[in-house]
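Presented below is the structure to which this report refers.
Values in this text are rule-based calculations from the coordinates and carry no lab data. Every value quoted in this text rests on a predicted model; they were computed, and no experiment measured them. Cβ atoms come from the backbone with ideal geometry, glycine included; neighbour counts cover every protein chain shown.
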Amino acid sequence: MTPHDTAVLRVAGRPVGRYVTRPELPARLSPRPYLHPVTTLAGTAVTELSPADHIHHLGVGVAVPDVEGSNFWGGRTYVRDQGPTELDNHGAQRHTAFQLRDPDGFVEELRWVAARAELLRERRTVAATELTDAAWALDFTFSLTNVTSGPLSIGSPATNGRPGAAYGGFFWRARKEATAPDVFTVDREGEQAVHGTRAPWVALAGSTWTLIFAGATEETRRDPWFVRAEEYPGVGSSLAVEERLPIPPGETAVRRIVTVVADGRISRLEAASLVRKAVSP
């Protein structure tokens, strides 16, 4: 891997994230660009890469388990009436070029390829912004365009028959500690109460850090949150819950998630204040 394959995000001159564009990974992990490590301003790591419990979890990025039957998530595929199944159906997200590359962010073009065919073309915009002396924000926008000649749709294990497993889209694999992190929104608390809900923001609080995820557009806020805490710490925004997400030929699906990365354990009031500061109207 060369320096040209990575980008380092900085906030006020401090490195807070490393972005890998061309990871050397086996096909079964659905190779794709990712951010890892991501850290707080004090240097605490808040991501994990290929942990033993889910080796296809790759820091922060976009991962989708079903794009017209191709797996861009990694690992097994959930098959209706059959369950998790090993299939030779893994795709890859291939970095094409940086359209813009600055110390505090970048604009990237990617190709989503499976079975030697390009299904989606993505434009990814990532920016890092200082909020306070103990918190910064990662602004992550992805636009997926159907470049095939026919209709295309995005699914999840939930749409394929596994209730409660609507993962797929933006996903952040957080740092696993001895104790599961706390999960809360403005009016709910706990994994069971928060998972699958639609909320302006959701927080994951570890021993010395807090992540606050916020949908930054109306369309993004309509997507429920996928939340895990006890089994492993992770938060995602679900593209397909009860029905598949169709993307007609030439059309584009756009989502924007802003994540506050803070040192310390943040209260509800502090979380709401940081989200307001991080998400521009």
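Things to note:
- The modelled label-to-label distance between T252 and E24, using points 7 Å beyond Cα along the C-beta direction, is 3.5 nm.
- Selection of trypsin sites (Lys or Arg not before Pro), region 1-95, meeting DSSP coil and at most 15 other Cβ within 10 Å: R80
- Between the C-alpha center of region 247-281 and that of region 137-177 there is a gap of 16 Å.
- Computed over the chain with a Gaussian network model linking Cα atoms closer than 10 Å, the most mobile of A42, A63, A203 is A42.
- In the chain, inverting the average of 1/r over every pair of distinct C-alpha atoms gives 18.7 Å as the Kirkwood radius.
- The chain: calculated mean residue ellipticity at 222 nm from DSSP helix runs of at least 4, using -39500 (n - 2.57): -1500 deg cm²/dmol
- Where trypsin sites (Lys or Arg not before Pro) fall in DSSP loop in region 196-281, at most 14 other Cβ within 10 Å: R198, R222
- The alpha carbon centroids of region 1-53 and region 211-239 are separated by 20 Å.
- Relative contact order for the chain: 17 percent, from Cα pairs under 8 Å spaced at least 6 residues apart, divided by residue count.
- For the chain, excluding the exposed loop sites themselves (GluC sites (Glu not before Pro), DSSP loop, at most 13 other Cβ atoms within 10 Å), the longest remaining stretch covers 87-176.
- Volume in Å³ per residue [convex hull over Cα atoms, computed for region 58-123]: 90 Å³
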